[in-house]
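Here the structure comes first, spelled out in structure tokens, and everything after it is commentary.
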Amino acid sequence: MSPPLFEPRRRLWLLRTPSTSYAVRIDEDDTVRHVHWGAALTLEQAGELAERTPAAGSSFDAVGGAEELAVEGGARFGPPSLQVRFADGTRAVEWRYAGHDADDGYLSIHLDDRHYPLRLTLHYRVHEDSDVIERWTTVENRDERLPITLRRCDSAAWTLPGRGGYRVSHLVGGWNSEFRLRRAEVATAETVFTSRRGLTSHHANPWLAFDDGTAGEEHGEVWSTALAWSGSWRITLHRDPAGRTTWTGGHGHEGLTWSLAPGETLRTPVFAGLFTAGGFGAASRAWHAYVARHVLPHPGEPRPVLYNSWEATGFDVDEAGQTALAAQAARIGVELFVVDDGWFGGRVGDHAGLGDWTPNPDRFPHGLRSLSAEVHRLGMRFGLWVEPEMVNPDSDLYRAHPDWVMHMANRERTELRHQLVLNLARPDTAAWAHAWLDRLVAEHDIDYLKWDANRPFTEAGWPGHDDPDRLWIEHTRAVYRIMDRLRADHPGLRIEACAGGGGRADLGILARTDQIWTSDNTDPVDRIAIQHGFSQLFPAQVMGAWVTDSPNVATARQTPLRFRFHVAMAGALGVGGDLATWTEDELKEATELIATYKRIRPAVQHGTAYRLTGEGTLTAVGFAHEDRFVVLAWCPSRPYGHQPAPLRLTALDPGATYRDPDTGATYSGAVLLRSGLPLSLPEGDHASALVQLIRIED
Ligand code: DGJ
């Protein structure tokens, strides 16, 4: 990878990705200013842009263009990315450029405060196979005696070209309703997207996309960013009345402080950005490719078809019941059997036992080893649910270590789902969590952990610690470290990220997990929208999707088994229904559909995804892989009983012919692209289709 280009006269750098470029410069007062982010430019062209410094309109307006990481101080009135307080109370920062390093797609720009011992480094990294630009910062206290208080330290600020107006796409939700895509005009105001929950959250996701209001699924310029962080976060979007649109983001929510000790350096998480000229679909595909190439630990591995016991048995797990379920699961083609909550301590409901991580002897008289051995004997891998960050007050762990939870002096310990949050920022608590997980995995031949976290932080204090807000960041880092160590010591172990469904979905957790439990809502109609939002950033191979019973436990909606399968087959397929109650016909149909999934799995999990829109309520996803294009189409309701018009496809060769191996029908690529694929959907609501198209050699 070639290093960024540098023009010394203007102190201008140009980072190049395969089809975009990004330029920054240092101006006369040593401020790092944004120059360009978008279509590819030469250094000379970027230089022309760098000459344009917006003029101040009056003494009430800040001078200069947008900054790469604005501080407090001087005539700056927008949201600061970095806020500090030095030991003498000074808060303003004044920079002096202190050099740069550039190498193989990497650039760092160093800035020193002109008076105080603070160094800021802006980091940029690009890859030769991706248009994603990774940015982060480090701040270093170079003093030998005094701490520096950090009040905000963002990873990056991003800037859009000056245009008339912009639209922001973002994800909203809640428990059972995650990842709902919203599009809204960017207000001339400061708009905050945040999580104050200690987890990424169900409610907002640190992914945003911007367009000028004209982009569509397959056309238009889109700028998008994603923060690789699994704790609290904040992104502040600012459109000023002069029309400048910027957003700054990083870990931690407002009001937290961090005392940077003498000699200490804080490194922020990556805040990645992507410019694409091919619409929201191209943006998602570029993110999916980036996640596969640069984030996931095992992107090339097929995700196994899993079975999870949660919806079937709830907390009523025991050896006999799970063994029976495992036998049924193996019979229909499941490859990984996961025992969910309820297998340990006194955990017979959600009110007790969390924290006591030894198998419940009444429920598992032989421990877990015999179940693990039986699951392996059946040819499946064995997985187990854990919730290492939490504790029920009614547990031996809490009785022994009441000080291990996040809490504050003289304050109630707010229980949510009858549980409290362990403070893993404490080295002793983190060591305990790692030790039992390590033992559990080693002693029970565990192939897969579902790592859950079922409540947000409250009273997040650390009595006795002189810098207690640290726990908001150190807790998440400890989770990362424990996962990283487990993976390193148990190379075969795979991990599912879960936080009461999709409450912890981000690029930070994906760097050490293999899939995400998308939502506790397994209703296939709701899932279509949830999966649509999820797919904006995340690839199908990490999107856990189960087929459960009908009527659905969350919505009471009744849907055919085939429809439930077809929706779940657009992700990493799992089964979560009570197989003991499925009829022979249902088990037979499930067996056939799982076998079909395994045939299309390379396309779904390792192909390129296209979101397709049909007529009425018809939506679909197409996966292109080698000579195949696999379509999964869903029609939740059919007003007036009409068959929707043929579904127009994309990404096919107009000159090629495609064959449907199930019906023998052949289609020309041009017709599929322009007129569409006729779908013969079954009568009634909740109709769906799976069509494979294989390119025929001419
Ligand atoms: C929340 C998860 O999302 C569910 O799938 C299940 O694991 C429960 N927690 C268990 O308590």
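Looking at region 57-113, what strands (runs of 3 or more DSSP E) fall wholly within it and have at least 3 residues that are of a type in the set (A, V, I, L, M) and buried (at least 17 other Cβ atoms within 10 Å of the Cβ)? Give the derivation first.
Details: elements: 82-85, 95-103, 106-113.
So the answer is 106-113.
Yes/no matrix, rows are residues, columns are (1) small (G, A, S); (2) over 14 Å from D445 (Cα atoms):
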site: E319; (1), (2): no, yes
site: A326; (1), (2): yes, yes
site: A330; (1), (2): yes, yes
site: G346; (1), (2): yes, yes
site: G349; (1), (2): yes, yes
site: W357; (1), (2): no, yes
site: P365; (1), (2): no, yes
site: S372; (1), (2): yes, no
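Is there a residue being of a type in the set (S, T, Y), within 29 Å of the chain's Cα centre (by Cα), within 27 Å of L274 (Cα to Cα) and open to solvent by 20 Å² or more (accessible area, probe 1.4 Å) anywhere in region 34-49?
Narrowing region 34-49 to residues of a type in the set (S, T, Y): 42.
Of the ones still in play, those that are also within 29 Å of the chain's Cα centre (by Cα) are none.
There is no residue in region 34-49 that is of a type in the set (S, T, Y), within 29 Å of the chain's Cα centre (by Cα), within 27 Å of L274 (Cα to Cα) and open to solvent by 20 Å² or more (accessible area, probe 1.4 Å).
I'd like the full set of residues that are closer than 25 Å to G492 by Cβ, open to solvent by 10 Å² or more (accessible area, probe 1.4 Å) and among the β-branched types (V, I, T), limited to region 297-330.
T323 - this is the single residue of region 297-330 that is closer than 25 Å to G492 by Cβ, open to solvent by 10 Å² or more (accessible area, probe 1.4 Å) and among the β-branched types (V, I, T).
Given the criteria in contact with a Ser or Thr (Cβ under 8 Å, 6 or more places away or on another chain), under 24 Å from L681 (Cβ atoms), of a type in the set (F, W, Y) and not in a strand (DSSP E or B), does F563 qualify?
Details: in contact with a Ser or Thr (Cβ under 8 Å, 6 or more places away or on another chain): yes; under 24 Å from L681 (Cβ atoms): yes; of a type in the set (F, W, Y): yes; not in a strand (DSSP E or B): yes.
Taking the combined requirement at face value, the residue satisfies it.
Would a scan of region 358-372 turn up a residue that is in a loop (DSSP other than H, G, I, E, B), within 13 Å of the ligand (Cβ to nearest atom) and surrounded by fewer than 20 Cβ atoms within 10 Å (Cβ to Cβ)?
Within region 358-372, the first condition is being in a loop (DSSP other than H, G, I, E, B), and the residues that meet it are 358, 360-368.
The next check asks that each one be within 13 Å of the ligand (Cβ to nearest atom); those that pass are none.
Within region 358-372, none of the residues are in a loop (DSSP other than H, G, I, E, B), within 13 Å of the ligand (Cβ to nearest atom) and surrounded by fewer than 20 Cβ atoms within 10 Å (Cβ to Cβ).
Do any strands (runs of 3 or more DSSP E) lying entirely in region 225-327 carry at least 2 residues that are within 16 Å of the ligand (Cβ to nearest atom) and over 15 Å from the mean Cα position of the chain (by Cα), and which ones are they?
Numbers: elements: 233-239, 245-251, 258-260, 265-267, 271-276, 306-308.
Of the strands (runs of 3 or more DSSP E) lying wholly inside region 225-327, those with at least 2 residues that are within 16 Å of the ligand (Cβ to nearest atom) and over 15 Å from the mean Cα position of the chain (by Cα) span 306-308.
For a quick check of your reading of the model, give me the residue pairs whose first member lies in region 325-344 and is at positive phi, whose second is in a helix (DSSP H, G or I) and within 15 Å of the ligand (Cβ to nearest atom), with beta-carbon atoms closer than 8 Å and at least 6 apart or on different chains.
G342/T313
If you go through region 404-422 one residue at a time, do you hit one that is assigned to a helix (DSSP H, G or I), at pLDDT 95 or above and either out of contact with any helix residue (DSSP H, G or I) (no Cβ under 8 Å at 6 or more places or on another chain) or away from the ligand (no atom under 16 Å from the Cβ) (or both)? I'd like the intermediate steps shown before the answer.
To start, the set of residues in region 404-422 that are assigned to a helix (DSSP H, G or I) comprises 404.
With the extra rule that they be at pLDDT 95 or above, the set shrinks to 404.
Narrowing the set further to residues that are either out of contact with any helix residue (DSSP H, G or I) (no Cβ under 8 Å at 6 or more places or on another chain) or away from the ligand (no atom under 16 Å from the Cβ) (or both) leaves 404.
Yes: region 404-422 contains one or more residues that are assigned to a helix (DSSP H, G or I), at pLDDT 95 or above and either out of contact with any helix residue (DSSP H, G or I) (no Cβ under 8 Å at 6 or more places or on another chain) or away from the ligand (no atom under 16 Å from the Cβ) (or both).
Can you work out which of the residues in region 453-466 that are within 17 Å of L422 (Cα to Cα) and out of contact with any Lys or Arg (no Cβ under 9 Å at 6 or more places or on another chain) is farthest from the ligand (Cβ to nearest atom)? Talk me through it step by step, then tell me what you get.
Here is the first cut: in region 453-466, the ones within 17 Å of L422 (Cα to Cα) are 453-465.
Narrowing the set further to residues that are out of contact with any Lys or Arg (no Cβ under 9 Å at 6 or more places or on another chain) leaves 460, 463-464.
Numbers: A460: 21, P463: 29, G464: 32 Å.
The extreme case among them is G464.
What number of residues in region 625-674 are of a type in the set (G, A, S) and touching a helix residue (DSSP H, G or I) at 6+ places or on another chain (Cβ under 6 Å)? I'd like the intermediate steps shown before the answer.
In the first step, residues of region 625-674 are kept if they are of a type in the set (G, A, S); the result is 633, 637, 641, 645, 651, 655-656, 664-665, 668-670.
Checking the rest, the ones that are also touching a helix residue (DSSP H, G or I) at 6+ places or on another chain (Cβ under 6 Å) come to 656.
Qualifying residue count for the region: 1.
Of the residues A511, A505, A488, A478, only one is out of contact with any strand residue (DSSP E or B) (no Cβ under 9 Å at 6 or more places or on another chain) and crowded, with 23+ Cβ neighbours inside 10 Å; which? So that I can check it myself, show each step before the final result.
Working: A511 fails: crowded, with 23+ Cβ neighbours inside 10 Å; A505 fails: out of contact with any strand residue (DSSP E or B) (no Cβ under 9 Å at 6 or more places or on another chain); A488 fails: crowded, with 23+ Cβ neighbours inside 10 Å.
Answer to the selection: A478.
Can you find even one residue in region 432-446 that is surrounded by 15 or more Cβ atoms within 10 Å (Cβ to Cβ), more than 27 Å from the chain's Cα centre (by Cα) and assigned to a loop (DSSP other than H, G, I, E, B)?
yes
Can you tell me which residues in region 289-324 are among the charged types (D, E, K, R) and either on the phi > 0 side of the Ramachandran plot or in contact (Cβ under 8 Å) with a residue 60 or more places away in the chain (or both)? Show your work before the answer.
Going residue by residue through region 289-324, those that are among the charged types (D, E, K, R) are 293, 301, 303, 311, 316, 318-319.
Of everything in region 289-324, those that are among the charged types (D, E, K, R) and either on the phi > 0 side of the Ramachandran plot or in contact (Cβ under 8 Å) with a residue 60 or more places away in the chain (or both) turn out to be R293, E301, R303, E311.
If you check T257 against the conditions, is it open to solvent by 40 Å² or more (accessible area, probe 1.4 Å), of a type in the set (S, T, N, Q) and at pLDDT 95 or above? Don't jump to the end; show me each part of the working.
On the way: open to solvent by 40 Å² or more (accessible area, probe 1.4 Å): yes; of a type in the set (S, T, N, Q): yes; at pLDDT 95 or above: yes.
So T257 fits the description; yes.
Could you list, in sequence order, all residues of region 631-655 that are part of a strand (DSSP E or B) and within 22 Å of Q541 (Cα to Cα)?
Just the residues of region 631-655 that are part of a strand (DSSP E or B), to begin with: 631-635, 647.
If the condition is that a residue be part of a strand (DSSP E or B) and within 22 Å of Q541 (Cα to Cα), then V631, L632, A633, W634 are the ones that fit.
Quick one: in region 518-546, of everything that is part of a helix (DSSP H, G or I) and over 19 Å from G500 (Cβ atoms), which residue is most open to solvent (accessible area, probe 1.4 Å)? Explain how you work it out, then say what you get.
Taking region 518-546 first, the residues part of a helix (DSSP H, G or I) are 524-534, 540-542.
If we keep only those that are over 19 Å from G500 (Cβ atoms) as well, we get 524-525, 528, 532, 540-541.
On the way: P524: 6, V525: 31, I528: 25, H532: 79, A540: 16, Q541: 4 Å².
Ranking the candidates gives H532 first.
Looking at region 656-668, can you tell me whether even one residue there is within 14 Å of V691 (Cα to Cα), hydrophobic (A, V, I, L, M, F, W, C) and part of a loop (DSSP other than H, G, I, E, B)? So that I can check it myself, show each step before the final result.
Of region 656-668, the ones within 14 Å of V691 (Cα to Cα) are 658-667.
After this cut, where a residue has to be hydrophobic (A, V, I, L, M, F, W, C) as well, the list is 665.
The next check asks that each one be part of a loop (DSSP other than H, G, I, E, B); those that pass are 665.
So far as region 656-668 goes, yes, one or more of its residues are within 14 Å of V691 (Cα to Cα), hydrophobic (A, V, I, L, M, F, W, C) and part of a loop (DSSP other than H, G, I, E, B).
Restricting to region 600-630, give me the number of residues that are β-branched (V, I, T) and either outside any strand (DSSP E or B) or closer than 17 Å to L537 by Cβ (or both). Spell out the reasoning first.
First, pick out the residues of region 600-630 that are β-branched (V, I, T): 600, 604, 608, 613, 617, 619, 621, 630.
This time we only want the ones that are either outside any strand (DSSP E or B) or closer than 17 Å to L537 by Cβ (or both), so: 600, 604, 608, 617, 621.
The qualifying residues number 5.
Taking the condition over 24 Å from V334 (Cβ atoms), open to solvent by 30 Å² or more (accessible area, probe 1.4 Å) and in contact with a Ser or Thr (Cβ under 9 Å, 6 or more places away or on another chain), does L673 pass?
On the way: over 24 Å from V334 (Cβ atoms): yes; open to solvent by 30 Å² or more (accessible area, probe 1.4 Å): yes; in contact with a Ser or Thr (Cβ under 9 Å, 6 or more places away or on another chain): yes.
Yes.
Hey, any hits in region 331-353 for a residue that's more than 16 Å from H376 (Cα to Cα), open to solvent by 10 Å² or more (accessible area, probe 1.4 Å) and more than 15 Å from the ligand (Cβ to nearest atom)?
no
Could you list, in sequence order, the residues of region 11-33 that are crowded, with 23+ Cβ neighbours inside 10 Å, β-branched (V, I, T) and touching a Lys or Arg at 6+ places or on another chain (Cβ under 7 Å)?
Result: V24, single match.
Please tell me if R477 is more than 16 Å from the ligand (Cβ to nearest atom) and basic (K, R).
Working: more than 16 Å from the ligand (Cβ to nearest atom): yes; basic (K, R): yes.
The answer is yes for R477.
Looking at this structure, is R426 more than 16 Å from the ligand (Cβ to nearest atom) and open to solvent by 10 Å² or more (accessible area, probe 1.4 Å)?
Numbers: more than 16 Å from the ligand (Cβ to nearest atom): yes; open to solvent by 10 Å² or more (accessible area, probe 1.4 Å): yes.
So R426 fits the description; yes.
What are the pairs, 6+ residues apart or on separate chains, where a residue within region 478-503 that is closer than 12 Å to D452 by Cβ has its Cβ under 8 Å from a residue that is away from the ligand (no atom under 16 Å from the Cβ) and open to solvent by 10 Å² or more (accessible area, probe 1.4 Å)?
I495/R487; I495/R512
For residues in region 499-512 being within 12 Å of the ligand (Cβ to nearest atom), more than 11 Å from the chain's Cα centre (by Cα) and not in a strand (DSSP E or B), which is nearest to H288 (Cα to Cα)?
Step by step, filter region 499-512, then rank; the result is G501.
Can you give me the number of residues within region 127-157 that are under 30 Å from D467 (Cα atoms) and in a strand (DSSP E or B)?
The first filter runs over region 127-157 and keeps only residues under 30 Å from D467 (Cα atoms), leaving 134-157.
Within this subset, residues satisfying the condition of being in a strand (DSSP E or B) are 134-141, 148-153, 156-157.
Total satisfying the criteria: 16.
Determine the pairs where a residue that is charged (D, E, K, R), located within region 515-532, has a partner that is away from the ligand (no atom under 11 Å from the Cβ) and at pLDDT 95 or above with Cβ atoms under 6 Å apart, the partner being 6 or more residues away or on another chain.
D523/N552; D523/A554; D523/T555; D523/R557; R527/V567
The values are calculated or read from the model by the stated rules, or taken from the named source; none is laboratory data. Since this is a predicted model, take the numbers as computed values, not measurements. Using ideal geometry, Cβ is built from the backbone for each residue, glycine included, and neighbour counts are taken over all protein chains shown. Note: accessible area is taken over every heavy atom of the protein model, side chains too, but ligands, DNA and RNA are not part of it. Shrake-Rupley method; radii C 1.70, N 1.55, O 1.52, S 1.80 Å.
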